[in-house]
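All remarks here apply to the structure that follows.
The values are calculated or read from the model by the stated rules, or taken from the named source; none is laboratory data. It should be emphasised that the depicted structure is a prediction, and the values quoted were computed from it without experimental measurement. As a convention, Cβ positions derive from the backbone with ideal geometry for all residues, glycine included, and neighbour counts pool all protein chains shown. Only protein heavy atoms, including side chains, enter the accessible area calculation; ligands, DNA and RNA are left aside. Shrake-Rupley method; radii C 1.70, N 1.55, O 1.52, S 1.80 Å.
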Amino acid sequence: MNSTSNDYLRLAPSVDPAWVEDFVLELRLLDVPGTHIGDALALVESHVAESGESAQDAFGDAREYAKESARGQVPDALDFSWILGSVFGLIGMLLTIFGVQAWFFDSGVFELSVGTLVLIAMVLVAVAFLHFRSTQVIRFVVRRTWVAIAIFTMWSVAMLGALLLFPAIVAQIPAAIVTVLGVASLALGSVLEWRSNSAGQLEDPIVGPGEKPQAGMTWFSRVTILLFPILTVVMLGFGMLLNAIA
């Protein structure tokens, strides 16, 4: 997966930072490994520093040159540990929130409605699409940000609308059971994402020729592994605050 670090600018100090940003972004979108991106940046830096030409004059448009540099590169294999971890984390977050809310603010019984099933299905479809079409999604978000925001907003409204449009109850489940299943799913998701990180699949830092990625877990890895538990706590806290105010 991709690293969030922008330390790659140090690999090409003689090159226009805007050109470097466009070049690296396009290579990331093409799933080129970080080591190969570092090698490509070193090549550009060497030519610019020695010739005195700008990267634009020497190599042309950053995005087009990135596509040329990416030819023959094999993308990393799809990381199913991370994908499964995200799915279990998301399901665990929803179940925990539903269970705790029913436990504390309702009768202690979670009423599973058709709308809830539709909402969960829509969330899983979105997660699958983001994982299996991540490159296309990121490219679309970067190139057409406001359209992407509009689509996200409409999808979110549709998920909430499902709860209102399909209120029929299909099952009643003790809130304690739902909560336990949610917490267990959250834990399993975090373990799977930790496994993915331990295998070196979660991050893909850009390093120069001869350099090795920094050992140890970065803040990005920690936040990613604990993302769904953190979101669960935040959303539960917000929900309890709203109930207290009401």
Kindly indicate which of Ser51, Ser107 is out of contact with any Pro (no Cβ under 9 Å at 6 or more places or on another chain), over 24 Å from Phe166 (Cα atoms), of a type in the set (S, T, N, Q) and open to solvent by 20 Å² or more (accessible area, probe 1.4 Å).
-> Ser51
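Residue by residue, here is whether (1) closer than 22 Å to Trp19 by Cα; (2) aliphatic (A, V, I, L, M); (3) open to solvent by less than 80 Å² (accessible area, probe 1.4 Å) holds:
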residue: Tyr65; (1), (2), (3): yes, no, yes
residue: Ile83; (1), (2), (3): no, yes, yes
residue: Phe88; (1), (2), (3): no, no, yes
residue: Val100; (1), (2), (3): no, yes, yes
residue: Val114; (1), (2), (3): no, yes, yes
residue: Ala121; (1), (2), (3): no, yes, yes
residue: Val125; (1), (2), (3): no, yes, no
residue: Phe129; (1), (2), (3): no, no, no
Out of the residues in the range 31-48 that are among the aliphatic types (A, V, I, L, M) and open to solvent by less than 60 Å² (accessible area, probe 1.4 Å), state the one that is farthest from Ser69 (Cα to Cα).
-> Val48
For the range 1-50, name all the residues that are β-branched (Val, Ile, Thr) and at pLDDT below 80.
-> Thr4, Thr35
Tally, over the range 4-28, of residues that are within 21 Å of the chain's Cα centre (by Cα), open to solvent by 10 Å² or more (accessible area, probe 1.4 Å) and either closer than 14 Å to Ala66 by Cα or not β-branched (Val, Ile, Thr) (or both) = 8
Identify, please: which residue in the range 129-170 is more than 23 Å from Leu27 (Cα to Cα) and of a type in the set (Gly, Ala, Ser) and is, among those, nearest to the chain's Cα centre (by Cα)?
-> Ser156
Are there any pairs with C-beta distances below 8 angstrom linking a residue in the range 119-145 that is among the basic types (Lys, Arg) to a residue that is open to solvent by 40 Å² or more (accessible area, probe 1.4 Å) and modelled with pLDDT under 75, with the two at least 6 apart or on different chains, and if so which?
-> none
